[in-house]
Every structure is written in structure tokens, then in C-alpha cells.
Amino acid sequence: MAYLILAVFPAALIAAAINDITSFKIPNWISVLLISAFPVAAVATGTDFSFLWQGALLAVGMLIVGFALFAFKIAGGGDGKLLAAVAPWVGFEFLMPFLMVTALAGGAMAIAILMFRQSPIMPFYGRVPWLMEIHQSKSGIPYGVAIAVGGLTTFSETALFSAAFGG
């Protein structure tokens, strides 16, 4: 059962990345699913009760950070909610590695997208609407992809993963 619950995390992050890159939106159901599945995963893997409280504190703290990023137009609202939903899963111990990988992936993606936007529009872009949208200079950066990379990269080191798979 724990394996099935833990599978929610990578599946939700992949869905968030796909949605963000194709529509510049991260549906609320993804963040709600992650937040709702976290306590179930914590109980199913037998983690300590304090882990649930730490997760709640991390979610609230990252939601505040996400609101600030949104207020300063650094990130979108969906990105902030996704950060808050991922934070409990990675825990305090791996929050900084998660944020570092996310920042590096976001920076690399931003550079790649900016370079892409400097290139001429190719005829086949018209057949791929989301690719055309990314090419438009007024479009933002689908930072949900970077958050997904950060979460997927650090997840195998987290307490939840270790509790389920040993390690």
C-alpha cells in the first residue's frame, strides 16, 4: 500500500510539469492531491508523528514563500502552490537540496527558453500550439517543470522514500 501512495508524488509532479509546459498552468487538483496524499503516505510508511507536523509547517512556510514570489512576479500562483505541496514530501532534511536543484533546473530552463525565443519561428511551431506559446517573448517560464525536476531528483533520499524502501 505504501508503494502505491508514494507513487502519487512522482505522478503528480510529472502531471504538473506537462500541464505547465503545455498550458502555463498547474491545475489546483495536483497541489490538492499532493497535500492530501502526504499524511496518508506518512502513516502508510510508518514515519514518526512529528514528521506530519514538520510537513504541515513546511507547507505553510513554502506557501508564504510562494505568495511572496507571486507578489513580486517572480513565479506564478500555481508554482507557489506546487512548492508548498512538494515541501512536506521532501521534509526539512532535504528542503535545501530540493530548492537548490529546483533553482538550478529553473535557471537552465530559463536560459534555454530565452535562447529558443531568440531563434526564428519555424513553420512546424504552428502545429504545436504550446511550443508557439513558449516561443512568444511575453510568455513566462513554466517553472513547474523545474519544481518537478527538483522534487523527482531529491525524492529518493527523503524520509518517506527511505521508510518505504529502506535505506
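Observations
- Taken as a whole, the condition of being closer than 17 Å to Phe9 by Cα and either part of a helix (DSSP H, G or I) or not hydrophobic (A, V, I, L, M, F, W, C) (or both) applies to Leu82.
- Among the residues examined, Ala85 does not qualify as over 14 Å from the mean Cα position of the chain (by Cα) and either surrounded by 15 or more Cβ atoms within 10 Å (Cβ to Cβ) or closer than 20 Å to Glu157 by Cα (or both).
- Condition met for Asp20 (acidic (Asp, Glu) and buried (at least 17 other Cβ atoms within 10 Å of the Cβ)): yes
- The set of residues in region 60-79 that are surrounded by 21 or more Cβ atoms within 10 Å (Cβ to Cβ) and not in a loop (DSSP other than H, G, I, E, B) comprises Met62, Gly66, Gly78, Asp79.
- Looking across region 108-165, the residues that are outside any helix (DSSP H, G or I) and closer than 27 Å to Pro10 by Cα come down to Val128, Ser139, Gly140, Ile141, Pro142, Tyr143, Thr158.
- When the residues of region 34-55 are filtered to those that are polar (S, T, N, Q) and surrounded by fewer than 17 Cβ atoms within 10 Å (Cβ to Cβ), the one that is farthest from Gly78 (Cα to Cα) is Ser50.
- Pairing residues of region 98-121 that are without any contact (Cβ under 8 Å) to a residue 60 or more places away in the chain with residues that are loosely packed, with under 14 Cβ neighbours inside 10 Å and of a type outside the set (D, E, K, R), at Cβ distances under 8 Å and at least 6 apart in sequence or on separate chains, gives Arg117/Gln136; Arg117/Ser137.
- The residues of region 1-50 that are more than 13 Å from the chain's Cα centre (by Cα) and acidic (Asp, Glu) amount to a single one, Asp48.
- Failed condition for Ser31, given (1) polar (S, T, N, Q); (2) part of a helix (DSSP H, G or I); (3) touching a helix residue (DSSP H, G or I) at 6+ places or on another chain (Cβ under 7 Å); (4) open to solvent by 30 Å² or more (accessible area, probe 1.4 Å): (4)
- When region 6-17 is filtered for residues that are buried (at least 19 other Cβ atoms within 10 Å of the Cβ) and either of a type in the set (Asp, Glu) or over 14 Å from Gly77 (Cβ atoms) (or both), the ones remaining, listed by number, are Leu6, Phe9, Ala12, Leu13, Ala17.
- Odd one out for Ile147, checked against (1) β-branched (Val, Ile, Thr); (2) over 16 Å from Lys25 (Cα atoms); (3) at pLDDT 90 or above: (2)
The values are calculated or read from the model by the stated rules, or taken from the named source; none is laboratory data. Nothing here was measured: the structure is a model prediction, and the numbers come from that model. Counting neighbours? That spans all protein chains shown, and the Cβs are built from the backbone with ideal geometry, glycine included. These area figures cover heavy atoms from the full protein model, side chains too; ligands, DNA and RNA do not enter into them. Shrake-Rupley method; radii C 1.70, N 1.55, O 1.52, S 1.80 Å.
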